[in-house]
Amino acid sequence: MSAEQPQGSSPRRRAPNKHEQPAQGSLKGHLKVHVSGFPPYTRVEDLKYVFATYGHVKVKLFKKYAILTLPDEDSVLDAIAHSKKISVYGSFLTIKLDKGEPTPSKKLDRFVRSKEKSVIIEPGKIGLKGDFEHQLEQVLDAVRLTRDEVVNISALYVDLENALRTVWPDCCAVPFGSITTGLGIKSSDADCFVRLPARLRGDDAAHVMRTKRLLQLYPDVFAEVFAIPNAHTPIVKFFHVPTETTCDVSFKTPLGSQNSRLVAFLLHSDARLLPLAVVIKYWAKVHELSGTGKVTNYALTMLLVFFLQLLGILPSVESLQRGREDLVDGWNTAFATDPLTPSPARASVEDLLGGFFKFYAAFDFNKFVVCPFLGREIEKAAFANLASLPAAFDRYKRNVESGAARPMKFSTPVCIQDPFQLCHNVGGSVGGKLADELPQYIKFAATTFRESREEFLETILLKKPKIAVPDKNKIRAVVHSRDLDRVVGDEWKAIIKNVIRILFEDICRSTLVVLETEERPGTTRQIERYAVTLTKAVWDRKRLTKLYKHAGGTFLEKQMNISQEIMDTREECGVHLKIRLVVSFPRISRATSVYIEYVDGDKADFQQFGKMFRLMIKGWFFELVKPFLPPAPENKRPGTQREGVGNDIDRSDSIESDDLSDRLRDNCSVSDASK
């Protein structure tokens, strides 16, 4: 970077040229954003440089802020999403919508055709009649893509490839996903991996933004084009007008197309399996269990494959790979495609569907990992130590030990291992509310199959289980940071306890009194309980937070000062809230459960404090843990944002590992219960 250019970061590594800008006819008008936080010596050229990824940007520079005009609404949305992530001369910018501009809406009226395409026919409109076989046929006829529709969608990939070859002549559009495996339903999106020459791989976010502008040149073919460059896998979404199909385009890895080959091979090996998989997919879609941020259709398919492996209908992926190798991004994706030996047991689709729900209603997701690679479950505890994994995991061990892959996240409520990319937990998106509701839907289906087989399919599609209401007297959060994995031995527990003490004693101005420490032999958790009493409304800090926003001092000092001002200025004595704090340390991972239970006082106060508690554990914790961690590895890029909650470690706040034990011993005490 030359001396004339700002030392900053932008969503892309280089500015696009004029030929990459979308056609003016496809734009809805320029929109403005308010940008602040840059140094006083910042120039117009500096701001244009860091925002060049969005194309032609107009800048009006004032003393303390600037007004930038961006090409379209998508650019505005993306720029706002980059607030505090784009820097000029080392100062991170605050980006928000300029006052007076209409809010760029993510409302579905901007994506009318995509929304209409995603709507699936409701089971009540199918008019289910007759026995299971007849109802299954009615469902498949109503929701499944026909052969002609699948063939028609192939035009989408041809149009996409032709458009992209104007920029990348050697590119290839590779379809994958449910439409290519035979699991496509009328609401299915198309998925496409764009294979570029090896020299161009790796700049996925830049390719996504360039593709967005390129597709906007053809509004009669590609509509509702929207880029998501900051996702774990950057994608471009668009609606293909000729086929009326929504498509997701990615550049990151061809592993998805390899997975689709495997799924297609397995599910086409037996005539019963595709209808079975489609009806499970439809069941999850009807009850809004699948989709963005929920269980993925691919995860559902892996659950089915695993169940069929245990029945002996399908083989393990490991057995299909013996003696074969086809490495893609460091993982073996080869498998034998010889016709599979038919299963001697010929259970009906109804029996298989009911058995699927019965099996997972009893499956212990807290203890086991679903492993289609081996075709059997593996205890989560095994993934805590590479040496304890089976010999068949040799490639996984090598990739993790070499740093080519991160260890699989096995502490999520539902853990389903990808059969090729063994470090990928495809069930990791199941959490929170869904983690509580999904088992209830599965158990409801299993009970219906056992008690009312005559109305089995109709009942599980048309009716919902009575969802148990969460205990409002208990609020739970989970502490998990990849950075804690750098701490050797059990000192990570001391770090967590110390930060929790800071949160409750230093910030909330309460005293932690030890009630009980439970560590039974053979159990999977170590549990510690504390009594907490709050006498002031320390959660009522919104106004003071704004006042202290630009004050000097560390994050902890600011929070302590806010609490002290609340303690000093509030005259009321009515707050007397007693709660129980429970910290549950697992033995097989470092994902620690922390929750508070109501004991006595105003329940409205408990709910208000609960909101602050979630912020404390999910946000403040990761700021306060930094000084207690050893330095990050040398190959960790400073300033980048890691996956999950919280920020990367600031090296200036870190301490040497030799000082870690002493620091913890000095700071990790809590008050014992007085006798």
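The values are calculated or read from the model by the stated rules, or taken from the named source; none is laboratory data. Bear in mind the structure is a predicted one, so any value in this text is a computation, not a measurement. Reconstructed Cβ throughout: ideal geometry from the backbone, glycine too, with neighbour counts over all protein chains shown. Heads up: the accessible areas ignore ligands, DNA and RNA and are worked out on the full protein's heavy atoms, side chains in. Shrake-Rupley method; radii C 1.70, N 1.55, O 1.52, S 1.80 Å.
Assuming 0.36 nm per residue, please report the length gained on full extension of the stretch residue 319 to residue 134 beyond their Cα-Cα distance.
Values: separation 185, 0.36 × 185 = 66.60 nm, distance 3.64 nm.
Additional length available on full extension: 63.0 nm.
In what sequence, highest mean first, do 184-192, 607-615 appear when ranked by Cβ atoms within 10 angstrom?
Working: 184-192: 20.7, 607-615: 17.2.
In decreasing order of mean packing, 184-192, 607-615 become 184-192, 607-615.
Cα-Cα over 22 Å: which of 542/603; 433/618; 380/611; 463/611; 63/542? Provide the component values of the computation, followed by the final result.
Details: 542/603 20 Å; 433/618 16 Å; 380/611 31 Å; 463/611 33 Å; 63/542 29 Å.
Going by Cα-Cα distance, 380/611; 463/611; 63/542 fall outside the 22 Å limit.
Under a Cβ-only charge scheme (Lys and Arg +1, Asp and Glu -1), can you give me the dipole magnitude of the range 126-204 about the Cα centre, in debye to the nearest 20? Kindly include the intermediate steps, with their values, before the conclusion.
On the way: 8 positive and 13 negative charges, 49 e Å.
Roughly 240 debye, rounded to the nearest 20.
Quick one: of 558/578; 60/96; 493/626; 96/294; 497/549; 125/294, which pairs are farther than 19 Å apart, Cα to Cα? Present the calculation step by step, with values, prior to reporting the outcome.
On the way: 558/578 25 Å; 60/96 15 Å; 493/626 14 Å; 96/294 29 Å; 497/549 27 Å; 125/294 25 Å.
Listed pairs above 19 Å: 558/578; 96/294; 497/549; 125/294.
What order do you get for 506-512, 76-82, 469-475 when each peptide is scored by the mean count of other beta carbon atoms within 10 Å, highest first?
Ranked from most to least packed, the peptides come out as 76-82, 506-512, 469-475.
Take the alpha carbon gyration tensor of the range 47-169, find the square roots of its eigenvalues, order them as a ≥ b ≥ c, and report rounded if a/c is under 1.5; if not, report prolate when a/b exceeds b/c, else oblate. Mind dumping the intermediate values first?
Values: a/c = 3.95, a/b = 2.23, b/c = 1.77.
Prolate.
From the helices alone, meaning DSSP H stretches of at least four residues, give me the mean residue ellipticity at 222 nm for the chain, per-run term -39500 (n - 2.57), in deg cm²/dmol to the nearest 500.
That comes out to -10000 deg cm²/dmol.
Run the numbers for residue 560 and residue 546: contour at 0.36 nm per residue of separation, minus the present Cα-Cα distance, in nm. The partial results should precede the final answer.
Numbers: separation 14, 0.36 × 14 = 5.04 nm, distance 1.44 nm.
Gain on stretching residue 560 to residue 546: 3.6 nm.
Just round it to a whole percent: the fraction of Cα-Cα distances in the range 392-546 exceeding 28 Å. Before the final figure, lay out each step's value.
Values: 6070 of 11935 pairs.
It works out to 51 percent of all Cα pairs.
Label the range 339-477 by shape, choosing from rounded, prolate and oblate, from the square roots a ≥ b ≥ c of the eigenvalues of the Cα gyration tensor; if a/c is under 1.5 it is rounded, and otherwise prolate applies when a/b is larger than b/c, oblate when it is not. Walk me through the numbers on the way to the answer.
Working: a/c = 3.01, a/b = 1.36, b/c = 2.22.
Verdict is oblate for the range 339-477.
Percent of accessible area on the chain owned by carbon and sulfur, 1.4 Å probe? Walk me through the numbers on the way to the answer.
Values: 16490 of 32770 Å².
Reported share for carbon and sulfur atoms: 50 percent.
Quick one: 3J(HN,Hα) in Hz for the range 297-304, Karplus 6.51/-1.76/1.60 with θ = phi - 60°, rounded, Gly and Pro as x.
With the stated coefficients, the range 297-304 comes to 4, 5, 5, 4, 5, 5, 4, 5 Hz.
Rounded, prolate or oblate: which fits the range 511-625, taking a ≥ b ≥ c as square roots of the Cα gyration tensor eigenvalues, rounded meaning a/c under 1.5, else prolate when a/b beats b/c? Intermediate values should be presented prior to the final figure.
Numbers: a/c = 2.68, a/b = 1.52, b/c = 1.77.
Since a/c reaches 1.5 but b/c is at least a/b, the shape of the range 511-625 is classed as oblate.
About its Cα centre, what dipole magnitude does the range 476-520 give when the only charges are +1 on Lys and Arg Cβ and -1 on Asp and Glu Cβ, stated in debye to the nearest 20?
On the way: 8 positive and 9 negative charges, 33 e Å.
Dipole size: approximately 160 debye.
Nearest 5 percent is fine: what portion of the DSSP beta bridges confined to the chain is antiparallel? It would help to have the intermediate numbers written out before the result.
Details: 67 of 74 bridges.
Taking every DSSP beta bridge within the chain, about 90 percent pair in antiparallel fashion.
Rounded to whole Å and sorted largest first, what semi-axes of the equivalent ellipsoid does the C-alpha gyration tensor of the range 560-614 yield via the square root of 5 times each eigenvalue? Walk me through the numbers before you get to the answer.
On the way: eigenvalues 157, 46, 14 Å².
Taking √(5λ) for each Cα gyration eigenvalue gives 28, 15, 8 Å.
Report, by chain and number, residues whose modeled amide H sits under 5 Å from the one on residue 368, excluding near sequence neighbours (fewer than 5 apart, same chain).
When sequence neighbours closer than 5 places are left aside, the close amide H contacts are 380.
How would you rank 322-332, 84-94, highest first, on the average number of other Cβ atoms within 10 Å across their residues?
84-94, 322-332
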